[in-house]
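Presented below is the structure to which this report refers.
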């Protein structure tokens, strides 16, 4: 079975586009050896065993042209074209690529790090320090009030895009406390009945999104004016422009809509 490659150029994933979009195989990549600046193995579940093809990541030189027959795609678009499983694999590949390229020196003594032979860590040959790929936890929450959901417009969003509230977890903070703080800081309300929903790796650049649902407790919406430009309560059948379907943000929103009997 042919090997699968997650090939990146300028932080975008390259896909072959003949009759349909697909990930490159070893035959597509073998002629690009002189244009690849780094590469590695993606160990995901049973990849490489029996019927599962072995998977690799690779980064092309910024000076190289996009190969003929390929197209560059933003990671956020991968899920809608290749499916959720491919999105997760691409996310892992992207994070490993950044880990290999950006974290090269020991943060204790400054010597050059060496890759471990047993996992994705790096080891300092001088002082013995061990480093692992960074993962930054963040919370994301769907807040409900009287049959409506809180959606906000972040300053970094595309025009007219709204989503649920999210933010990074601070040192010494529980996920639930992070939910309360982020909602309070961004839209000035308090929440209660915080319940775990699910999680998702999010490679922008190396997050793990931990999702929750919650109920409005008190206060009125007041966007902070920095990160959040606008916020409102939306009924399940009257939605603004929403995040892509592969994101946990969209899953939270769709879960709310289904719970209110909306079919889509």
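The values are calculated or read from the model by the stated rules, or taken from the named source; none is laboratory data. All values derive from a computational prediction rather than experimental measurement. When we count neighbours, we look across all protein chains shown, and the Cβ atoms used for this are built from the backbone with ideal geometry, even at glycine.
Residue 144 passes every criterion in (1) in contact (Cβ under 8 Å) with a residue 40 or more places away in the chain; (2) under 22 Å from the mean Cα position of the chain (by Cα) apart from (2).
When the stretch 172-207 is filtered for residues that are part of a loop (DSSP other than H, G, I, E, B) and at positive phi, the ones remaining, listed by number, are 172, 188. The single condition among (1) closer than 14 Å to residue 16 by Cβ; (2) at pLDDT below 90 that residue 69 does not satisfy is (2).
If I ask for residues that are in contact (Cβ under 8 Å) with a residue 12 or more places away in the chain and touching a helix residue (DSSP H, G or I) at 6+ places or on another chain (Cβ under 9 Å), which ones from the stretch 164-183 would you list? Across the stretch 164-183, the qualifying residues are 164, 165, 166, 167, 168, 169.
Table: residues versus (1) farther than 28 Å from residue 79 by Cα; (2) loosely packed, with under 14 Cβ neighbours inside 10 Å; (3) in the same structural domain as residue 89 (by the TED database).
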position	(1), (2), (3)
157	no, no, no
182	no, no, no
197	no, no, no
216	yes, no, no
220	yes, yes, no
231	no, no, no
247	no, no, no
252	no, no, no
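Of everything in the stretch 10-21 that is touching a residue at least 24 places away in the same chain (Cβ under 8 Å) and out of contact with any helix residue (DSSP H, G or I) (no Cβ under 8 Å at 6 or more places or on another chain), the residue that is farthest from residue 99 (Cα to Cα) is 18.
Within the stretch 40-62, the set of residues being at pLDDT 90 or above and surrounded by fewer than 16 Cβ atoms within 10 Å (Cβ to Cβ) comprises 61, 62.
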